[in-house]
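What follows is a set of notes on a single structure, which appears directly below.
The values are calculated or read from the model by the stated rules, or taken from the named source; none is laboratory data. Computed from a predicted model, the values in this text were never measured in an experiment. Neighbour counts run over all protein chains shown; Cβ positions are idealised from the backbone, glycine included. To get the accessible areas, we keep the full protein, side chains included, count just its heavy atoms, and leave off ligands, DNA and RNA. Shrake-Rupley method; radii C 1.70, N 1.55, O 1.52, S 1.80 Å.
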Amino acid sequence: MKKEMTRREALETLGATGLAVAFAGLPLFGAPGVNDELRKRLPKFSAASLDLLRKLIEDPAYSGRLDPRDVTTLARNENLDVDNLMLALIPLAQSYSRAPISSFYVGVVVRGESGALYTGANIEIPNQCLGFAVHAEQSALSNAYMHGEQSVKALAVGGAPCGHCRQFIDEMAPDGEIAILTPEHGSRKLSQILPEAFGPAALGMKHGAFPVRENSLLLAAPKTDAMSLAALDAMHKSFAPYSKSPAGVALRTSRGRIYRGSYIENVAFNPSLSPLQVSLAAMIAAREEYGAIQAATLVELHGAKISQRAVTETVLAAVAPGVQLEIVAARL
């Protein structure tokens, strides 16, 4: 019986075959020469595709999303169907990984119902609890979520997702129909690799996180500054059916961009993503450094069952020491 390849073995194999690269030195988002980095990571891509990707990545508004029209162009240029294009783009997603603890770099590409592609990479918080890490699957799925996708149709990763990620994916696509794409196994439904899933229905939910459903909570006291309003908007998009404790985070960087993060719960609790984790994933997808963070605001419901304050302050202190977290209360 053939032994199933582990994710680490799969990623090492990808590197040996040229589909991925060894990640020494700066990742793509910190590299001054995007052209050179793209050629290293996507050596089989045509000059036209590399030029298109460079223009997209260097756009100041880039957010780790490839528009459906650009996806069509890239697939045509490379003579690939979209599934295989997603697999081919894994090294691009992988280059955004922040893994100072494991040195294990994972990239994921997700396809939304719109046809857009979303990249994500694993994020480890230096010197902090491993539970604060964001898995690459979570990063890419939260990227699609924050862009307002109605659903997700496929997820490409270098090796089979871990159990934590399968549980998180199931919250986003509880019908089990989402295609999980890997170089070794091609396309398999989530239900094939997560049989007898413990899904949202176990706690009485009739749907998962998609499509995004907005609440109408208000700030407890009137505020009109951009950060409070951005964090409030993120809270409006929270998926918190189990704790009934919606929350949102806004991060402002030296570029002047504001990154929103919504709290995304999971029926198994531990795979839930804090709003700060989601906003950090968005910031990294846009090629920004932790050192660029200048301000952070958390909006959460006053008197809720759980609070995001402690975890947000702890992680923020690790990645942006000196930045004071502003806490803003919301009400029903």
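Considering only Cα-Cα distances, which of the following residue pairs are longer than 24 Å: Lys189/Lys305; Lys206/Lys244; Lys206/Lys305?
On the way: Lys189/Lys305 35 Å; Lys206/Lys244 16 Å; Lys206/Lys305 22 Å.
The answer is Lys189/Lys305.
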- Residue by residue through the range 137-151, which ³J(HN,Hα) values in whole Hz follow from phi under the Karplus form 6.51 cos²θ - 1.76 cosθ + 1.60 (θ = phi - 60°), with glycine and proline marked x? 4, 5, 4, 5, 5, 5, 4, 5, 4, 5, 8, x, 4, 7, 6
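Keeping every protein chain in place, order Thr182, Thr72 by accessible area at 1.4 Å, biggest value first, i.e. largest first. Don't skip to the end; give the middle numbers.
Numbers: Thr182 5, Thr72 80 Å².
Correct descending sequence by accessible area is Thr72, Thr182.
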- Pairwise Cα inverse-distance average, inverted: Kirkwood Rh of the chain (Å): 20.0
- Rounded FRET efficiency, nearest 0.05, which uses the C-beta distance separating Ala304 from Arg39 and R0 of 35 Å: 0.10
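What does the charge count around Leu217 come to, taking other residues whose C-beta lies under 14 Å from its C-beta (Lys +1, Arg +1, Asp -1, Glu -1)?
The answer is +2.
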- Message: Rounding to the nearest 10 and keeping the result within 0 to 90°, find how far the Cα-based axis of helix 47-58 lies from the longest principal axis of the chain.
- Response: 10
- Using +1 on the beta carbon of Lys and Arg, -1 on that of Asp and Glu, and nothing else charged, what's the dipole of the chain about the Cα centre, debye to 20? 140
- Please list, or write none, the lysines whose alpha carbon is within less than 22 Å of the alpha carbon of Lys223, excluding same-chain residues fewer than 8 places away. Lys237
- Task: Just name one of Val319, Pro43, Val299: the one whose Cα is farthest towards the positive end of the charge dipole of the chain (beta-carbon charges, Lys/Arg +1, Asp/Glu -1).
- Result: Val299
- Based on the Cβ-Cβ distance of Thr314 and Ala47, what FRET efficiency does E = 1/(1 + (r/R0)^6) give at R0 = 41 Å, to the nearest 0.05? 0.35
- Query: Which whole-number percent is the relative contact order of the range 152-246 (Cα, under 8 Å, 6+ apart)?
  - Reply: 23
- Task: Consider a paramagnetic label point 7 Å from the Cα of Arg69 along Cα→Cβ; state which residues of the range 116-157 have an amide N under 17 Å from it.
- Result: 116-117
- Query: Which whole-angstrom value gives the distance between the alpha carbon centres of the range 201-225 and the range 168-199?
  - Reply: 25
- Here, Arg54 and Phe104, labelled 7 Å along Cα→Cβ, have an inter-label distance in nm of 3.5
- So which lysines pass the test for Lys55, namely a Cα distance under 20 Å, with those fewer than 8 places away in the same chain ruled out? Lys40, Lys44
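For Ser254 and Asp233, FRET efficiency with R0 = 25 Å and r from the beta-carbon atoms, rounded to 0.05? Each step should come with its number before you reach the end.
Numbers: r = 22 Å, r/R0 = 0.87.
Between Asp233 and Ser254 the formula returns 0.70.
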- Compute the whole-percent fraction of alpha carbon pairs in the range 260-332 spaced more than 18 Å apart. 40
- Query: Stretched out fully, how many nm does the piece from Glu113 to Tyr62 gain, at 0.36 nm a residue minus the Cα gap?
  - Reply: 16.4 nm
